[in-house]
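Okay, structure first, notes after.
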Amino acid sequence: MCITQLIWRSSPVFEKDPKASKMNYDFNNIEQKWQDYWAKNQTFKASNHSDKPKYYVLDMFPYPSGAGLHVGHPLGYIASDIYARYKRHKGFNVLHPQGYDSFGLPAEQYAIQTGQHPAITTETNIKTYRRQLDQIGFSFDWSREVRTSDPNYYKWTQWIFIELFESWYNLETDKAESVDTLITKFTSEGNADVKAVCDDDIATFSSEEWQQFSSEKQQEILLKYRLTYLAETEVNWCPALGTVLANDEIVNGVSERGGHPVVRKKMTQWSMRISAYAERLLQGLETIDWTESLKESQKNWIGKSVGSEVKFPILSFPQGEAKAGSDNRPGYMTGGNNSHLLLERAKEMRANPTQAEAALWECLRSKKIEAKFRQQHLIGDFIVDFVCLDKGLIIEVDGKIHENQIEEDQKRTERLENDFYKVVRFSNEEVLGNTDAVLKTIIAELEQLESVKDKKHESEQHWSEQVLPLGKDLGWDIAVFTTRPDTIFGVSFMTLAPEHDLVSQIVTEGQKAEVDAYIKSTAKRSERERMADVKSISGAFTGAYAEHPFTKEPIPIWIGDYVLAGYGTGAVMSVPCGDQRDYDFAKHFGIPIPNIFDKVDISEAAYSSKDNVVITNSDFLNGMNYKKAAKRAIFELEKLGQGTGKTNYRLRDAVFSRQRYWGEPFPVYYVNGMPQMIDPKHLPIRLPEVEKYLPTEEGEPPLGRADVWAWCTETNQVVSNDQVNDTTIFSLELNTMPGWAGSSWYFFRYMEPGLSADGESKREETFASEEALSYWENVDLYIGGSEHATGHLLYSRFWVKFLKDREFVSIEEPFKKLINQGMILGTSAFVYGFSVGIKNINPKLEVPLNKIQRYIIPRESYLKGIEGNYDELILSLVEKHLSHYKDAGNVNIEWDLELSPFVPIHVDVTMVNSSNELDIDKFKSWQENFKTLQFVTNENGKYIVGREVEKMSKSKYNVVNPDAICEQYGADSLRLYEMFLGPLEQAKPWNTAGITGVHGFLKKLWKLYHQGENASFSVISSPPLEGLEEVSAEAFKTLHKTIKKVEEDIENFSFNTSVSTFMIAVNELTAQKCNHKDILEPLLILLSPYAPHIAEELWNKFGHAESISTAPFPKFEEQYLVESSKNYPISFNGKTRFTLEIPLSLTKEEVEKIVMAHEKTQAQLDGRVPKKVIVVPGKIVNIVG
RNA sequence: GCUCAAGUGGCGGAAUUGGUAGACGCGCUGGAUUCAAAAUCCAGUAACUUCGGUUGUGCGGGUUCGAUUCCCGCCUUGAGUACCA
């Protein structure tokens, strides 16, 4: 609902003297008159047929909110309106439409609260919006208006959705194609050679298999390729509200509204495969004229990174949890439940062998023995010194310590032998003293033992029959994406996102509790919260190990919430020496930080730069730089089949379902759980009626409450739910589309004339006709706020590229030039509260104290007070209260600082006049608890409020309503002032007091045209008289200077400076007493884009019957600005001291002569001889020395 | 943290290629007009000043005859974005 705010005026406003109105600038009447004229004559209606060149100016789609406009909103509209009007003067056929993005949450929220249908609320809001827009005098072509909530419009949004469903992305042609071409491929050759952007879990099938699949199976497969598809997505689910919340609707893990708990939940939702377009969305940025910062945001959002994907095999699984893994489990994985702990120890022992162990290992690994041995290997829960897995022979080398544990060793041997192993023991002395004998014994033992392969059939398989070669994809590896494959030898651990699918499978018994607790604690935190907290490092060890592709060393696998499940593979290879986050993590958990950078100190921090890197401690990568090493690492990984070069994008597929009522319904029904599209000829599928706009008790979206919401495939109509039989009548989709659906293509709809355009419109037959699309092409100028940088502006680019691929439109990019207007900030007003609190010194002596008295103190006292400096005023107030009690006999009291807060209080800006004086009475009666406030006023009995610049918002009571401004100063003043405030793209504070400047300018302009008797309109049109020639030369100079500057300014969107230029022109012409038609008439055209009403009125007084809107822009002529002399600044060592008027015709030498001869020069030099004199003709003279 | 902007009077801001810093407007001061006010008009308004000048565009350097403008380093503010591997 619109809240019209009253402006409190400190002084009487305009007296509307009927006699005076004839000659005075009566903006209210003038503006109403011309707004009516434009509407009646359809002055700004665009035509699709014109000899003129086309120009399309568009504002970002407004949502008609109930609060109405504040002065910040029209800023961009005024700028685009000026540009549109300027282009009309420049001879363009201009399309400048407006409409409403009228689906959305606020209306739904209001409906939930009041039961009022959102369509009604929306209609009311649009009326207010329209009235407010009209009164500012915009040159919109309203005949082409669109509303996203209009079934005639969303019919085509549904149609585009169907087209997306019927499309897949072919990487070979690099564009979207109809799924028909995909089905043809499947039928003839299967899917093995299909290169598409699709889900990554698709099994390969042949053409025969495809043909044998059931229809459902085929649909299921196709869904994985379609550009819009159903997928499980994790969402923030709030059970209490029965709805999904956006990240920013969650504060501290609970819903912003109501403070209910929020959980992450998987939900089947429609998604848009925008990721297919990642590269094209990135490349397209090069072709469009947008600001760098905006392009930067989109680049970051798309987040392209080039690197490689590496697979790390998982080294051990706890028994019984290795699910499908048991078949594939490599034979060398012989560890038991405690593998993860023992492996750490085994690794240590491998690194520090005893002398005897080292000696024997030398012999065993050399070619002297045929069989393959492993050292310090896990067998069950034991670490054995050496083992030949094929033959099941274990060799133990015992030091002195074993003399004391003969019993234990015996048990150990027994247990191992039970497991079909043969154990042979040697002492250190035996090994070192007679290695050859020991070897002989081992060879003899080996000959007696059967190979595992032969043993296989005998007993139940204890280990896998085949020792698989490393690096084969067994389905049990961790894939990571890295931009730094060159640092692969610096990996000392791996980190998985806590949500990673593998976590539950690899976690060991011993670590389970810790890991579960950690997962639970991170699940509570929202993604945003998790990401915002950079300082606290947290994680847990899974107990599992992965194998390094090159060194084959085990790498511990951790989980940590700094890794996000949604990005890349949800896992990272952690290189602490090269990545600060990995470094911090390693430091925190005491994980080793190997250095692989030559001559780089990593004792304090990681070295994350790719520049000046020389790789070391990295085997075959040693001595290489980043580029070479990365390339080589990928090459070697590919050889192993454990990695490949890859480009990754951050851009995720966009969720397209909303559990809301007030949005576009999907043209979708379900047969056996598979989504079916309704034939486009039956569109639109209208939003059904519901009795309540809340989710159902079962947690279904609001459409679950509709009684008539089923699809009959025989009558092709929406029918009652009772009739659902799942043979001919099926349930319809309950979700609705998101806000960005309708706004991703609306700019095309405007190209097609509105339905009111006498039979010309093809809006019924198509979303926009081919000829309209080819005539208007794309938006030439798009103006709006930067908040849409990564939402609307990315999604609409995506849809346009899709529509182009499917040949529905012919352009690749929707918005050629784009400007972000800066926000207009509010100037909040404050009073400063201070309460005197008094306490008993002896708490036992309860003496009743009066209520605390609250004061409003001046800003200066407040500012000192919060710093702890109490000025005289504060101290005297305190003293006054203390003595009050003391006089009453209570001496055991003192000032209580804690009960004496300094509090700034927002004041409604309408209670303050332009001199910052507060209307105290009004303030006191504003809120009940303000009544008793005592004001400390200045000597004039006034209270001066403090001012601070903040965002303009209702809650800060600093909203300024354009209605009030238009009433008091007029739309032209508002338009000029909004532009005058500062550069369009910058944020700037609004200060209503300043508007008197531009308003005064318009009055002065009015006067310039009314210099006749009784201030009547008076201009002369006869050629200039002889005596007046010089005067008119000055006037022409002013005019052409203005033409030049204003034209340049508009082209550069520097509207603030052109307002100054107008002021200068009017000031000059007033001083010249100029009243000549040849000057004053073209001046109006210059001004008309900015202040169209006054321009039309004065233009009309010149006798024109037509609107000024298409009058040709005056032509700038250089001749009027040619000067014969220049007032040269004469500077000494670069500092200007005085100026001299010197003819421009003179040469450098002549100028220098004149300057040097001048007495002021001599006085300035004071006898010194200048070293050098620099003369820049027409610019400056600089004397050095 | 990263990326991008931006730091100029009491305030909003101007100076478009390196060439008179503070245009234009607000506010403020003084004056005219008025019984008075509003409105209007005129004059002044960066700071310091011995009224000759001197200093001044966030800070410190540099390039240049000359720097708000170009370069290097730093500080501050704003916006966007974010453990993005």
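Toward the positive end of the charge dipole of chain A, about the Cα centre and with charges on Cβ (Lys, Arg +1; Asp, Glu -1), which of A:Val800, A:Gly570, A:His73 goes farthest?
A:His73
When a/c is below 1.5 the answer is rounded, else prolate if a/b is larger than b/c, else oblate, so apply that to region A:550-590 with a ≥ b ≥ c taken from the square roots of the Cα gyration tensor eigenvalues.
oblate
What is the spin-label model distance, in nm, from A:Lys922 to A:Val671 if the labels are put 7 Å beyond Cα along the C-beta direction?
Distance between the two pseudo-spin positions: 6.8 nm.
Once you charge only the Cβ atoms, +1 for Lys and Arg and -1 for Asp and Glu, what is the size of the charge dipole of region A:1125-1184 about its Cα centre, to the nearest 20 debye?
That gives a dipole near 260 debye.
Return the FRET efficiency for the residue pair A:Gln717, A:Ile120: r is the Cβ-Cβ distance, R0 is 35 Å, and the value is rounded to the nearest 0.05.
On the way: r = 26 Å, r/R0 = 0.74.
That gives a FRET efficiency of 0.85.
Hey, rough spin-label estimate for A:Gln580 and A:Ala371, points 7 angstrom out along Cα→Cβ, what's it come to in nanometres?
5.5
Quick check: convex hull over the Cα atoms of region A:1032-1185, volume per residue in Å³, rounded to an integer?
It comes to 138 Å³ per residue, whole-number rounded.
A:Phe1102 to A:Met267: extension gain in nm, 0.36 nm per residue of separation minus the Cα-Cα distance? The partial results should precede the final answer.
Working: separation 835, 0.36 × 835 = 300.60 nm, distance 6.83 nm.
Stretched out fully, the A:Phe1102 to A:Met267 stretch lengthens by 293.8 nm.
What is the order of A:Lys1101, A:Lys681, fewest Cβ neighbours within 10 Å to most? Let's see the in-between values first.
Working: A:Lys1101 15, A:Lys681 6.
The fewest-first ordering by Cβ neighbours comes to A:Lys681, A:Lys1101.
Test of understanding: extend the Cα→C-beta vector of A:Tyr37 to 7 Å, then name every residue of region A:1096-1140 with backbone N under 17 Å from that spot.
A:1096-1112
Enumerate the residues in region A:598-622 having an amide nitrogen under 16 Å from the point lying 7 Å beyond the Cα of A:Thr551 toward its Cβ.
The answer is A:598, A:615-622, whose backbone nitrogens lie closer than 16 Å to the label point.
Can you give the calculated 222 nm mean residue ellipticity of chain A, where each DSSP H run of n ≥ 4 adds -39,500 (n - 2.57) and the sum is split over every residue, rounded to the nearest 500 deg cm²/dmol?
Mean residue ellipticity, 222 nm, calculated: -10000 deg cm²/dmol.
Given 10 Å bins starting at zero, what is the percent of C-alpha pairs of region A:1125-1184 in each, up to the one with the largest pair distance?
Cα pair-distance distribution for region A:1125-1184, in percent: 25, 62, 13.
Along the Cα→Cβ direction, 7 angstrom out, place labels at A:Ser609 and A:Asp199. What is the inter-label distance in nm?
Placing both labels 7 Å beyond Cα along the Cβ direction yields 4.6 nm.
So what's the angle, to the nearest 10 degrees on a 0 to 90 scale, between helix A:151-165 and the longest Cα principal axis of chain A?
Orientation of helix A:151-165: about 30 degrees from the principal axis.
Viscosity 0.692 mPa s, temperature 37 °C: give me the Stokes-Einstein translational D for region A:728-849 in µm²/s, with Rh taken as the Kirkwood radius over C-alpha pairs.
Result for D is 167 µm²/s.
How big is the convex hull of the Cα atoms of chain A, per residue, in Å³?
So the per-residue Cα hull volume is 328 Å³.
Only counting other Cβ atoms within 10 Å, I'd like A:His1076, A:His260 sorted with the fewest neighbours first.
Lowest count first: A:His260, A:His1076.
Find the Cα radius of gyration of region A:962-1121, compare it with 2.2 N^0.38 Å by division, and give the number to two decimals.
The value comes to 1.04.
Would you work out the relative contact order for region A:1032-1185, in percent, from Cα pairs under 8 angstrom that are 6 or more residues apart?
Computed over region A:1032-1185, the figure is 18 percent.
A:Lys1044 to A:Asn991: extension gain in nm, 0.36 nm per residue of separation minus the Cα-Cα distance?
Extra length available between A:Lys1044 and A:Asn991 comes to 16.1 nm.
Whole number please: convex hull volume per residue of the Cα set in region A:825-947, in Å³?
126
Treating the angle as unsigned and between 0 and 90°, give the value, to the nearest 10°, between the Cα long axis of helix A:971-980 and the longest Cα principal axis of chain A.
Approximately 60 degrees, to the nearest ten.
Given the C-alpha centroids of region A:943-1004 and region A:549-605, what is the distance between them in whole angstrom?
55
Please arrange A:Leu882, A:Leu171 by how many other C-beta atoms lie within 10 Å of their C-beta, fewest to most.
A:Leu171, A:Leu882
Which residue, A:Leu1039, A:Phe748, A:Gln42, has the largest displacement toward the positive end of the dipole of chain A when charges sit on each Cβ (Lys, Arg +1; Asp, Glu -1)?
A:Leu1039
List residues of region A:476-490, by number, whose backbone nitrogen lies under 16 Å from a label position 7 Å along Cα→C-beta of A:Glu638.
Output list for this probe position: A:485-486.
Relative contact order (percent) for chain A, with alpha-carbon contacts under 8 angstrom and 6 or more residues of separation? List each step's numbers first, then the result.
Details: 2014 pairs, mean separation 154.4, N = 1185.
Once normalised by length, the contact order is 13 percent.
Relative to the longest principal Cα axis of chain A, at what angle does helix A:435-448 sit, 0 to 90 degrees, rounded to 10?
With both axes taken from Cα atoms, the answer is about 80 degrees.
Might you report the magnitude of the Cβ-based charge dipole of chain A about its Cα centre, with Lys and Arg at +1 and Asp and Glu at -1, to the nearest 20 debye?
Working: 132 positive and 168 negative charges, 724 e Å.
That gives chain A a dipole magnitude of about 3480 debye.
Dipole of chain A (Lys/Arg Cβ +1, Asp/Glu Cβ -1, origin at the Cα centre): which of A:Phe138, A:Ser1021, A:Leu227 lies farthest to the positive side?
Of the listed residues, the answer is A:Ser1021.
What is the extension gain from A:Ser1125 to A:Leu1165, computed as 0.36 nm multiplied by their sequence separation minus the C-alpha to C-alpha distance, in nm to one decimal?
Extending this stretch completely gives an extra 11.9 nm.
For region A:599-694, which GluC sites (Glu not before Pro) pass both filters: DSSP loop (anything but H, G, I, E, B) and at most 11 other C-beta atoms within 10 Å?
Loop-located and lightly packed - A:Glu604, A:Glu689, A:Glu691.
Between A:Ser215 and A:Glu764, what is the FRET efficiency for a Förster distance of 45 Å, r being their Cβ-Cβ separation, to the nearest 0.05? Intermediate results must be reported in sequence, preceding the final value.
Working: r = 35 Å, r/R0 = 0.77.
Result of the calculation: an efficiency of 0.85.
Read-outs: derived from the displayed coordinates by stated rules, not from any lab. Given the structure is predicted, the values throughout are model-derived calculations rather than measurements. Methodologically, a virtual Cβ is constructed for each residue, glycine included, from the backbone with ideal geometry; neighbour enumeration extends over all protein chains shown.
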